[in-house]
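The values are calculated or read from the model by the stated rules, or taken from the named source; none is laboratory data. Keep in mind that this is a model prediction, so the values were computed, not measured. Cβ coordinates were reconstructed from backbone atoms using ideal geometry, including for glycine residues, and neighbour counts include every protein chain displayed. When the accessible area is computed, the model is the full protein with side chains, heavy atoms only, and any ligands, DNA or RNA have been set aside. Shrake-Rupley method; radii C 1.70, N 1.55, O 1.52, S 1.80 Å.
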Amino acid sequence: MANRHLARSTVLQTLYEWDFSGQKINPDEIMHRNTAEFAPDAQCGGFMKALLNGVISKQKDLDNVITSAAPEWPIEKISVMDRNILRIGLYELLFADREQVPPKVAINEAIELAKKFGGETSGKFVNGVLGAVYKEMGEPGKDEKSAPKKPATLENHVGAVVFANHEKEIYVALVHDVFGHWTLTKGKIESGEKEEEAIVREAKEELGVDIKVKSELGENSYETYHPEKGRLKKHIKYFLAESPFEELTLENKEKKGGLDDVKWFKLSEILDLNFYDDILPIITKAINLLVKS
C-alpha cells in the first residue's frame, strides 16, 4: 500500500535524524515535523507512531540481532541510514502483526527503503541480513495453528541430539541462535542424501565434529513462511548421535547466519536452558535414554 510505504519512509527519516543526533532530540517532535512536511495527507498516523515507538523500544534487541546476523559489521560501523532500515525491517519481521505485515512484505519494504535512501550496495546488504535472520531462525508463523490459505510446500529436515562421554560425565552439544534460544543441530536434507547422511553433514557444518548415529528419537512438523518460496511445512526427523568430546566450532558460520554460538553442556545443566517448546520433548527423551544407558 502506497500510504504504508510513505509512512515507513517518514519513520525512517525520523529515526535517521534521531540517531544522527546521538539520540538526543525528541523523536516525537521530529516525527511531527516530518509528517507535516512529507506526509501531510497520509492516513497512517497510528501506524507511523506505533512503528516509531516500537523500533525505539526494541532497539537494543534489534541491534543484538543485527550484530549476531552480521558479525563482520559492528552496529556502529553500519551507516546510520542502513542500520535504521534494518531496525525497521527486523521490527516488522519479528514483532509486527503478521495479518497486517506478512514477512514477505516486511522484507521487501525494507529492501525498497534501502534502494531509495541507502547507498549502492544497501539493498543487497539489507536483503542479506534480513534473509539470514528469517531463513535461519526468524521463521514467523512457526507456532501458529491457523489454516494456510494455500497448500504448504513440504521440506524434509533432520536434526540430532549429539552427545559425548568425557571424564565419566555425559555432555550434549547445542547451538545458540540470535534470538536467545539453545537448540539442536538440524538442517534440510539435500537432493540424493539419505537421512543419516544428511545429519552427519549438518553436524559437521554446525558443530565441527564427526558423529555416529545411534537411534531415532522422534519427529515433529511446523509451518513457516519463506519470502521467496511462500508457505513451507518443515518435517524434522531427530536422531540420537554420539561424537568424540572435541572442541566445537561453527564450521560454516556464513551459511548458518542465524546461529552465534555452540557449546557442550552436562546433562544436569540442560533443562535449565531456554529451549523452543517443540524441542523439549525430543531433548527429554534423549536425556532419559542417556541416563538409562
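Quick notes
- 3J(HN,Hα) couplings calculated from phi for segment 187-194 with the Karplus curve 6.51 cos²θ - 1.76 cosθ + 1.60 (θ = phi - 60°) are, in sequence order, x, 6, 6, 7, 4, x, 7, 8 Hz; Gly and Pro show x.
- Look at the alpha carbon pairs under 8 Å that are at least 6 residues apart: their mean separation over the length of the chain gives a relative contact order of 17 percent.
- Residue-averaged 222 nm ellipticity for the chain, from DSSP H runs of 4+ at -39500 (n - 2.57), nearest 500: -13500 deg cm²/dmol
- The GluC sites (Glu not before Pro) of segment 1-92 that DSSP puts in a loop, and whose beta carbon has at most 13 other beta carbons within 10 Å, are E72.
- Here segment 159-198 is scanned for amide nitrogen atoms under 20 Å from the site 7 Å beyond the Cα of D61 along Cα-to-Cβ, giving 176-183.
- Extension gain, I75 back to K49 (0.36 nm per residue minus Cα-Cα distance, nm): 6.9 nm
- Summed over the residues of segment 45-85 and divided among them, the accessible surface reaches 47 Å² per residue at a probe radius of 1.4 Å.
- Segment 1-128: Lys pairs at Cα distance under 23 angstrom, eight or more positions apart or on different chains: 19
- As a rough guide to protection, the peptides 272-283, 44-55 ranked by mean Cβ packing within 10 Å, highest first, stand as 44-55, 272-283.
- Two-site FRET efficiency, D278 against E29, from Cβ-Cβ distance with R₀ of 35 Å, rounded to 0.05: 0.20
- Modelled spin-label separation between L154 and K115, with each label point placed 7 Å from Cα along the Cα-to-Cβ direction: 3.6 nm.
- Spin-label model distance (nm) - K266 vs A36, 7 Å beyond Cα toward Cβ: 6.5
- Degrees, to the nearest 10: 80-94 long Cα axis against longest axis of the chain: 60
- Rounded percent of accessible protein surface that carbon and sulfur make up, the chain, 1.4 Å probe: 49
- For the chain: span of alpha carbons on each principal axis (Å, largest first): 70, 41, 33
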